[in-house]
Amino acid sequence: MKFLRQFGIILLLSALGEGLHALLPLPVPASVYGLVLMLAALMTGIIKVGQVEETADFLIEIMPVMFVPAGVGLLNAWGVLQPIWVPVVMITVITTVIVMVVTGRVTQTVIEKDRKGHDSK
Amino acid sequence: MTNFIENSVFLGAVLSLVAYEAGMLLKRKFKLAIFNPLLIAILCVMGVLSLLGVDYDTYNEGGKYISYLLTPATVCLAVPLYRQMNLLKKNIKAVVLGIVSGVLASLVSVLALAWLFGLSHEEYVTLLPKSITTAIGMGVSEELGGIVTITVAVIIITGVLGNMIAEAVCRIARINEPIAKGLALGTSAHAIGTAKAMEMGEVEGAMSSLAIAVAGLLTVVGASVFVQFL
């Protein structure tokens, strides 16, 4: 029963996310609305974390596999990608590394600075 | 036999799971980034499909039930985020600055490289939302007049690539703070990067989940400005 209820709550919030996606004219997917709704419900105590925790952790653990069909779908995109694949792949590789390094370094530098500020006080 | 392969709704799903498992075995054995379970799984399935002469739509009859779980799984990312709320509040300045600079870095670097490679305006806007989650990225690309199919392909390639190189990049760039690692993954490689962040740890995963939503929304705004630049 526990898992049934947990999965039910998660699907309910996914459905509410779909509802918001249909209602609001913003390019925000149902999943992101659902994530925000779930966070709000947890923070206000409408949903207790124990009421969804195990199923949530399970779904998150198997999440990488959920991207396999989308990845295989690249087979169908090859036709349109083929004429420009060289610059596209180069841009993709370079920008991904840049974004990762910039985000990580900036965050880490600010955290380290804050920590030093606290220590000297 | 051919009939069974074409009609089975479980075969595609089983194939995906087995291929992922095989990828994890290889990864454990060789400890090389190229043996990324997700990449191995995708390539294995592609290989099996072309070997059997089964097309993507037939495979996806089973595969779509795996993709179906993506929305509920993304909703669940709120749970680790909730558990790490105190940490988030304590580091809110670093978190906001990190994601904002990452989104800017993405837009600026796509602009610079698109200009360098002489891409057309249409190709440039197609690539602008490449680092954000598929559903938001598709919307942005469509809105700005990009080629949505290519946007989706590039978003997936970005995610798989980010998932593959994250450990090496963090090591080389000496990013060792869990919050910084998580934000780096979520901002650069959206949900596929977050899957890797979850493997690294709870804090990394929570921060990466946060970055999916925040970076996605910031890119919607940022891309509408950057669309004018090329």
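The values are calculated or read from the model by the stated rules, or taken from the named source; none is laboratory data. Worth saying up front: this structure is predicted, and the values here are computed from it rather than measured. FYI the Cβ positions are ideal-geometry reconstructions off the backbone, even for glycines, and counts take in every protein chain you see. Surface accessibility is based on the protein's heavy atoms, side chains included, excluding ligands, DNA and RNA. Shrake-Rupley method; radii C 1.70, N 1.55, O 1.52, S 1.80 Å.
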- [ ] Could you please find all residues in the range B:2-20 being out of contact with any Phe, Trp or Tyr (no Cβ under 9 Å at 6 or more places or on another chain) and either surrounded by fewer than 11 Cβ atoms within 10 Å (Cβ to Cβ) or of a type outside the set (Gly, Ala, Ser) (or both)?
- [x] B:2, B:3, B:4, B:5, B:6, B:7, B:14, B:17, B:18, B:20
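Assess whether residue B:153 counts as being within 9 Å of another protein chain (Cβ to nearest Cβ), more than 17 Å from the chain's Cα centre (by Cα) and over 17 Å from residue B:220 (Cα atoms).
It is false that residue B:153 is within 9 Å of another protein chain (Cβ to nearest Cβ), more than 17 Å from the chain's Cα centre (by Cα) and over 17 Å from residue B:220 (Cα atoms).
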Task: Test: residue in the range B:68-82 that is more than 7 Å from every other protein chain (Cβ to nearest Cβ), among the aliphatic types (A, V, I, L, M) and in a helix (DSSP H, G or I) - done: no
Open item on the list: Residue pairs, Cβ under 6 Å, 6 or more apart or interchain, first in the range B:95-118 and open to solvent by less than 10 Å² (accessible area, probe 1.4 Å), second aromatic (Phe, Trp, Tyr). List them.
Closed with: B:107/B:226; B:114/B:124
Open item on the list: Given the criterion closer than 21 Å to residue B:155 by Cα and outside any helix (DSSP H, G or I), identify the matching residue among A:64, A:83, A:27.
Closed with: A:27
TODO: Restrict the check to the range B:65-73 and report whether at least one residue is under 23 Å from the mean Cα position of the chain (by Cα) and surrounded by fewer than 14 Cβ atoms within 10 Å (Cβ to Cβ).
DONE: yes
Task: Complete set of residues in the range A:90-113 that are exposed (fewer than 15 other Cβ atoms within 10 Å of the Cβ) and more than 7 Å from chain B (Cβ to nearest Cβ) - done: A:90, A:112, A:113
TODO: Sort out which residues of the range A:36-57 are farther than 12 Å from residue B:74 by Cα, assigned to a helix (DSSP H, G or I) and open to solvent by 30 Å² or more (accessible area, probe 1.4 Å), and write them in order of number.
DONE: A:40, A:43, A:44, A:49, A:50, A:51, A:53, A:54
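Would you say residue B:152 is touching a residue at least 60 places away in the same chain (Cβ under 8 Å), part of a helix (DSSP H, G or I), over 20 Å from residue A:59 (Cβ atoms) and open to solvent by 30 Å² or more (accessible area, probe 1.4 Å)?
Against the criterion (touching a residue at least 60 places away in the same chain (Cβ under 8 Å), part of a helix (DSSP H, G or I), over 20 Å from residue A:59 (Cβ atoms) and open to solvent by 30 Å² or more (accessible area, probe 1.4 Å)), residue B:152 does not qualify.
If you check residue B:164 against the conditions, is it part of a helix (DSSP H, G or I), more than 9 Å from every other protein chain (Cβ to nearest Cβ), in contact (Cβ under 8 Å) with a residue 60 or more places away in the chain and not aromatic (Phe, Trp, Tyr)?
yes
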Open item on the list: Just the residues that are more than 9 Å from chain A (Cβ to nearest Cβ) and assigned to a helix (DSSP H, G or I), please, taken from the range B:50-64.
Closed with: B:51, B:52, B:58, B:61
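Looking at the range A:69-88, is at least one residue at the interface with chain B (Cβ under 8 Å from one of its Cβ atoms), modelled with pLDDT of 90 or more and crowded, with 21+ Cβ neighbours inside 10 Å?
Yes.
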- [ ] Answer with yes or no whether residue B:90 is out of contact with any Ser or Thr (no Cβ under 7 Å at 6 or more places or on another chain) and either open to solvent by less than 40 Å² (accessible area, probe 1.4 Å) or farther than 17 Å from residue B:208 by Cβ (or both).
- [x] yes
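Of the residues A:90, A:63, A:100, which single one is under 21 Å from the mean Cα position of the chain (by Cα) and under 30 Å from residue B:49 (Cβ atoms)?
So the residue among A:90, A:63, A:100 that is under 21 Å from the mean Cα position of the chain (by Cα) and under 30 Å from residue B:49 (Cβ atoms) is A:63.
Among the residues of the range B:21-49, write down those that are in a helix (DSSP H, G or I) and open to solvent by less than 20 Å² (accessible area, probe 1.4 Å).
Within the range B:21-49, the first condition is being in a helix (DSSP H, G or I), and the residues that meet it are B:21-30, B:37-49.
Matches in the range B:21-49: B:23, B:37, B:38, B:41, B:42, B:45, B:49.
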Task: Tally, over the range B:201-218, of residues that are more than 10 Å from every other protein chain (Cβ to nearest Cβ) and either free of Cβ contacts under 8 Å to residues at least 60 places away in the same chain or of a type outside the set (A, V, I, L, M, F, W, C) (or both) - done: 3
Open item on the list: Any residue that is in a helix (DSSP H, G or I), touching a Lys or Arg at 6+ places or on another chain (Cβ under 8 Å), more than 7 Å from chain A (Cβ to nearest Cβ) and open to solvent by 30 Å² or more (accessible area, probe 1.4 Å) - is there at least one of those in the range B:171-185?
Closed with: no
TODO: State which residue pairs qualify: first residue more than 15 Å from residue A:72 (Cβ to Cβ) and inside the range B:1-26, second residue modelled with pLDDT of 70 or more and open to solvent by 90 Å² or more (accessible area, probe 1.4 Å) in any location, beta carbons under 8 Å apart, and separation of 6 or more residues or different chains.
DONE: B:5/B:52; B:9/B:65
